[in-house]
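S.K.: First, the structure itself, so that you have it in front of you.
All of the numbers you see were taken from the coordinates with simple rules; none came from a lab. None of the values given here were measured: they were computed from a predicted structure. Glycine also receives a Cβ, built like all others from the backbone with ideal geometry; neighbour counts cover every protein chain displayed.
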Amino acid sequence: MNLVLRLAWRNLWRQPRRTWLTTGAMVFSNVLLIFMISLQFGMYRLMIDNSLQAFTGHMQVQAPGYIDDQKIRQTVPNVRQLAAALRQELGSETIAARASTFVLASSEERTYGIAVYGIEPQFEPQVSSIPGLITAGRFLDADDAAEIVIGSVLARNLRVSVGDELTLLGSGKDGSFAAAVVTVAGIFESGVPDIDRSVAELPLGLFQDVFYMEGSGHQVVVNAPRLSEADTLQSEVEALLPPGQDLVVQDWDALQPGLKQAIQADMSSAFFMYGILVILVAFSVLNTQLMSVLERTREFGIVMALGLTPGRLGRLVLLETAMMGLMGVALGALLGGALTWWLGVHGFSYPGMEEMATKFNLPARMYPRVTLTSLLAGPAVVMLFSLLAALYPALRLHRLHPVEAMRAA
Amino acid sequence: MRRLRILSKLAWRNLWRNHRRTAIMLGAISVGVWAMIFMTALTQGMVTEMIRDGISALPGHVQVHHPDYRDDPSITNLIPMTDTEIAATFGPAGFSAWSSRIKVPAVITSERDSRGVTLLGIDPVRERDMIFVDYDEVEGRFLESVDDRGVVIGHKLADTLDTEVGKRIVLMSQDPDNDIADRGFRVVGLFHANVEAFEETYVFAGKKTLQNMLRVGDRVTEVVVLGEDYRNVEDEYAAVLALVDGGVEVRRWTELDTYLGTMLKVMDGFVLVWVIVIFLALSFGLVNTLVMAVFERVREIGLMLALGMKPGDILGQILIESMLLLVIGLGIGNLLAWLTIKPLEGGIDLSIVAEGMEMFGAASVLYPQLRLEDVVLANVVVLILGFLASLSPAWRASRYEPIEAITKVD
């Protein structure tokens, strides 16, 4: 074994420049893959977390069909009690009831159509980051106070500040005319333009009064401690829904269908690029190994005549490739890991990224995160394909005839 | 000239001495070039769609507003000219298309539900080729004149509101004194849009009808001009600037939607980066091949030098060999790209990730776009960088000492 290893190692350095060039191709791809994959998956996590934490939550209990139509009549009956029961049964605080509708909001000077949400002031902070993002005034505290908190862009558009009054006009659950006068208690800034422009929150009690909800609401938001635990929690919630009532649990993918698909679309184009890189490296390896086998035809003829089997020779060629691959992985992981780690600490940005980033709820500076997976996944695939590419030259040895090989030019 | 012919002949023959190595390298170059062009065509197609959809969402490559309108899209921020004055100014200016509109936020209410929308008061005759709605595809009919009394809404919005053609809805917004301005309309048409959000957001009504409802007289909130080519609207921008005086804000679309504007710039950068990355991955193999080709022929090169061939000719011969390899590879790669893109130009259906594409601002059918300048860019980059990468092995070969080279043993 030791002998074969040493033989393979020495064979590699018979043509140092060729070996370095081939290893160089591997290192180049590995560095690129490590950086890209670290960046990509870090970004996806942020996209998901930022989008869900702001408001949507990991899952919501809703009336069937509400997710598509969001009609005020598609209600969850006794929404407050349902949320309380779920909190108790699951021993979790991150559950809150909401109701929502569209209204015309008028200030002294301006009128805009907005989405208003009735929320439970006591529990909302556990499922949404908005209560923590109040930049002026305070969040709602009483369940039936005539108060409202609105997004910063909306406040600017309506030309109101804390303490001003807003008139809300809309229709109640039964289709009747509904109106309320509320005082702006606080203004929040989530950084998500859509939310800051069009969302306002009222206490649930007031909402139910104004819009004749008769104790009902539209959603119970449930957050899991971690995204990975959302699936298990969902089946628990489903089991706890009151029998006989027509309710469904919508997961985050259904609530924000764009999110997962945006990630999938981005991932498929990224994987196409990675695939091409890997294939080009494989070509490089194929070229090198085929050449090194062809050069050694005579030599192989002699050792075969001396009794070495083509299988063992083939393994030697594969071993050479594996050694080259390991060097590529080691150097690639070292350089790629260092580069990515450095960028992860200092962050980086490129022109135009800020505008793109806000569109996907991302910060303007990116901080790629090196994980074991992102460090090893790319290089492992490069290694695998290099070995596959070396199979052809290795298997070719079986066709070698010792006598003819020894006479080859 | 004759020398060049001899050198080329030598290079060509040398190339096929080791046909396996040449074939593998050709394979690598072809795949690389194919990937460069194919990927570029896909992304260009996507960006073009995104920008087309994006521009169709805020139609008008150059737009004129009240200076405060963009931050505060309210009916109080009207353009300080009457619509008649605007027509007199923009009409004779010779734009390929222009129009003036009322665009305000509003709430639409049916007997079932209400929603916040963007209400557009337009001149349907003038806007026929400007907005994203295809008049002939509208269920019912599209608006017919500026004082049409109906509204046209999206299919999706009609579903949420539980309404249909022929039913009545109420539109509410504010007038300049911040009194509620509302009015009942009959839904006369439902439109389809290739971006679903448009069907939920936009409501079209006649411009005159809205001016009456909002009590703004002969005034509008925006004037828009379409250019010949959305990638370059500088001429139109300058022309509009010359037409209006102070008191209004003139903006190109790239400034109105910074995401899209940036996208256009970032994409051009992306194409170059992608081409260079692929080339770098290829260059290792290319240099490797040349180094080996020279290495195998050391004795031969020594002999040629000893027989009086000039070092410059050796250099030239190896560079020509490398260029031949690249040109053949480019040829195959370009052909492959053309063969794979052409059948796809009718559109690739991406509806499984439609909503994700929408999040990027793109439609769910992707039309790859083979642009001549991208193909030229890829080919030129490969040739130039390939030439540079070949210089070192070629230079080395031409510097051999004939005696040493001839006597070299493997």
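S.K.: Lys and Arg at +1, Asp and Glu at -1: add these up for the other residues within a Cβ distance under 12 Å of B:Ala158 and post the number.
M.R.: -4
S.K.: Take the Cβ-Cβ distance between A:Arg159 and B:Glu255 as r, set R0 to 35 Å, and report the resulting FRET efficiency rounded to the nearest 0.05.
M.R.: Between A:Arg159 and B:Glu255 the formula returns 0.90.
S.K.: Under the rule of at least 5 residues apart or a separate chain, name every residue whose amide H is placed under 5 Å from the amide H of B:Lys103.
M.R.: B:Gly121, B:Thr221, B:Glu222
S.K.: Pull up all non-local amide H partners of A:Val199: gap of 5 or more, or a different chain, and H-to-H distance under 5 Å with H placed in the peptide plane.
M.R.: Here A:Gly151 satisfy the definition.
S.K.: Next question, about the same structure. At q = 0.25, 0.30 Å⁻¹, what is the base-10 log of I(q)/I(0) for segment B:77-129 according to the Debye formula with one equal point scatterer per Cα and no solvent? Please give it to two decimals.
M.R.: With no solvent term, the Cα-only Debye profile gives -1.05, -1.21.
S.K.: Can you sort B:Asp374, A:Asp174 so the residue with the fewest Cβ neighbours within 10 Å comes first?
M.R.: In order of increasing Cβ crowding within 10 Å: A:Asp174, B:Asp374.
S.K.: Please report B:Val188, B:Val151, B:Val375 as a ranked list, fewest other C-beta atoms within 10 angstrom at the top and most at the bottom.
M.R.: So the residues, fewest neighbours to most, are B:Val375, B:Val188, B:Val151.
S.K.: Hey, what do the phi angles of segment A:68-83 turn into as Karplus ³J(HN,Hα) couplings, whole Hz, using 6.51/-1.76/1.60 and θ = phi - 60°, x for Gly and Pro?
M.R.: Each residue of segment A:68-83 in turn: 8, 9, 6, 7, 5, 7, 7, 9, 9, x, 6, 4, 5, 5, 4, 4 Hz.
S.K.: Okay, moving on. Which whole number gives the average count of other chain Cβ atoms within 10 Å of the Cβ atoms across peptide A:56-69?
M.R.: 1
S.K.: Shielding by partners for B:154-165, please: the mean number of other protein chain Cβ atoms within 10 Å of each residue's Cβ.
M.R.: 1
S.K.: May I ask for the distance between the Cα centers of segment A:158-217 and segment B:1-32, given as a whole number of Å?
M.R.: For segment A:158-217 versus segment B:1-32, the Cα centre distance is 74 Å.
S.K.: Given a cut-off of 28 Å, name the pairs among A:Lys260/B:Lys342; A:Lys71/B:Lys208; A:Lys71/A:Lys260; B:Lys167/B:Lys208; B:Lys207/B:Lys265; B:Lys208/B:Lys265 whose C-alpha atoms lie farther apart than that in the structure shown.
M.R.: A:Lys260/B:Lys342; A:Lys71/B:Lys208; B:Lys207/B:Lys265; B:Lys208/B:Lys265
S.K.: If you bin every alpha carbon distance in segment B:59-256 into 5 Å steps from zero, what whole percent lands in each bin?
M.R.: Histogram of Cα-Cα distances, whole percents per bin: 1, 8, 16, 20, 20, 16, 11, 5, 2, 0.
S.K.: Debye sum, Cα scatterers, segment A:33-106, no solvent: what log₁₀ I/I(0) at q = 0.17, 0.24 1/Å?
M.R.: -0.83, -1.14
S.K.: Going by C-beta contacts inside 10 Å, put A:Leu387, A:Leu259 in order with the fewest on the left.
M.R.: With the sparsest Cβ surroundings first, the list reads A:Leu387, A:Leu259.
S.K.: What average count of beta carbons from other chains do you get within 10 Å of the Cβ of residues in B:258-270?
M.R.: The per-residue average across the peptide is 3.
S.K.: Using a cut-off of 28 Å between alpha-carbon atoms, which lysines can reach B:Lys408, once sequence neighbours fewer than 8 places away in the same chain are excluded?
M.R.: In chain and number order, the partners are B:Lys9, B:Lys310.
S.K.: Kindly provide the Kirkwood hydrodynamic radius of chain B in Å, to one decimal, from all pairs of distinct alpha carbon atoms.
M.R.: Result for chain B, one decimal place: 25.7 Å.
S.K.: Hey, how many Å between the Cα centroid of segment B:98-151 and the Cα centroid of segment B:286-352?
M.R.: With segment B:98-151 and segment B:286-352 each reduced to a Cα centre, they are spaced 58 Å.
S.K.: Mind putting together the pair-distance distribution for chain A? All Cα pairs, 10 Å bins, whole percent per bin, short to long.
M.R.: Cα pair-distance distribution for chain A, in percent: 5, 18, 20, 16, 12, 10, 9, 6, 4, 1, 0.
S.K.: In the neighborhood of A:Leu204, defined by Cβ-to-Cβ distances under 11 Å, what is the net charge if each Lys or Arg adds +1 and each Asp or Glu adds -1?
M.R.: That sum, taken over residues with Cβ under 11 Å, equals -4.
S.K.: Still on this structure: Order of B:175-186, A:21-32, B:338-349 by packing, highest average Cβ count within 10 Å first?
M.R.: A:21-32, B:175-186, B:338-349
S.K.: Continuing with the same structure: Please identify every one of the trypsin sites (Lys or Arg not before Pro) in segment A:151-191 that sits in a loop by DSSP and has no more than 16 other beta carbons within 10 Å of its own beta carbon.
M.R.: Answer in residue order: A:Arg159.
S.K.: Could you please state, rounded to a whole Å, how far the C-alpha centre of segment A:89-128 is from the C-alpha centre of segment A:287-359?
M.R.: Using only Cα atoms, the two centres lie 55 Å from each other.
S.K.: In whole Hz, with x marking every Gly and Pro, tabulate ³J(HN,Hα) for segment A:153-167 from phi via Karplus 6.51 cos²θ - 1.76 cosθ + 1.60, θ = phi - 60°.
M.R.: After applying 6.51 cos²θ - 1.76 cosθ + 1.60, I find 5, 4, 4, 5, 5, 7, 6, 10, 10, 4, x, 6, 9, 10, 9 Hz.
S.K.: Expressed as a rounded percentage, what relative contact order does chain A have, with Cα pairs under 8 Å and six or more residues apart?
M.R.: Relative contact order, chain A: 25 percent.
S.K.: If the viscosity is 1.002 mPa s and the temperature 20 °C, what Stokes-Einstein diffusion coefficient in µm²/s follows for the protein assembly as shown when Rh is the Kirkwood radius over Cα pairs?
M.R.: Value of D from the Cα-based Kirkwood radius: 69 µm²/s.
S.K.: Listed highest first by mean packing, meaning other Cβ atoms within 10 Å per residue, what order do A:53-61, B:211-219 come in?
M.R.: Output ranking for A:53-61, B:211-219: A:53-61, B:211-219.
S.K.: Could you go through segment B:172-177 in sequence order and give the Karplus-derived ³J(HN,Hα) for each residue, using 6.51 cos²θ - 1.76 cosθ + 1.60 with θ = phi - 60°, rounded to whole Hz, and x for Gly and Pro?
M.R.: 10, 8, 10, 9, x, 8
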